[in-house]
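The structure under discussion appears below in the form of structure tokens.
The values are calculated or read from the model by the stated rules, or taken from the named source; none is laboratory data. What you see is a predicted model; the values in this text were computed from it and never measured. Ideal geometry is used to build each Cβ from the backbone, glycine not excepted, and the neighbour counts take in all protein chains shown. Calculation scope for accessible area: heavy atoms of the full protein, side chains included, ligands and nucleic acids excluded. Shrake-Rupley method; radii C 1.70, N 1.55, O 1.52, S 1.80 Å.
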Amino acid sequence: MSIHLKKITKVVIVFTVLVFPLVTYGQKMDKPVVDGFTHEVTTSTTQDIVAFASDGYLLGYFARKSGVYSLYLRIDLIPDSHSSYHVAKGNSVFLKLANDSLITLSTNKDAQANVEWHQDHYYRLPYWTAYIECTVQIADVRKISQSDFTGFRIVSDSENIDFGMKSEESNKLKKMASLILFSNH
């Protein structure tokens, strides 16, 4: 084998061993949950932070049950900068793509923000927390799995709640969508 071919092979092996695990790290599938009564299987990704605001963050994960895809979001905002908010059933959730186009989702149920205490590193801090659920059409799940994003907007009754996304969060969301699309259950 030539010296040049050995160097290329070594680079490919090092790349595969060191870099590939970093790319796939983080987003995983949770174990499927089987409903004991109906025997329906719910498959979901792990929950992770998908966007940030100056006064909070947005956690999210995808799930699929009986062929229906859903995006679950948890809004956490610091009480010092926000009052309580309410996201009504049917309000919009916008995902802004890097090309400035939007994917528009609709919330499935009312979500009233309540104060919850979350552990952040060493401290317990209060947050206004609301849990949002949106049904996502398969075409939009595919688009999410292939697109770069710059932010989320959640329309509440009192104001728009905007979150920005860096490439890291955009990649997390893309990975979640890909995982749920190609999961076996």
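Taking the Cα-to-Cβ direction at His121 and at Phe94 and moving 7 Å from each Cα, how far apart do the two end points lie in nm? Taking the simple label geometry, His121 and Phe94 are separated by 3.3 nm.
Normalised radius of gyration (Cα atoms, divided by 2.2 N^0.38 Å) for the stretch 83-185: 1.17. Rolling a 1.4 Å probe over the protein heavy atoms of the stretch 87-127, with every protein chain left in place, gives an accessible area that is 50 percent carbon and sulfur.
Here the gap between Asp80 and Glu159, fully extended at 0.36 nm per residue and compared with their Cα-Cα distance, gives a gain of 26.8 nm. Solvent exposure of the stretch 50-182, expressed per residue, is 49 Å² of accessible area, with all protein chains present and a 1.4 angstrom probe. Normalised by residue number, the volume inside the convex hull of the Cα atoms of the stretch 48-131 is 126 Å³ per residue.
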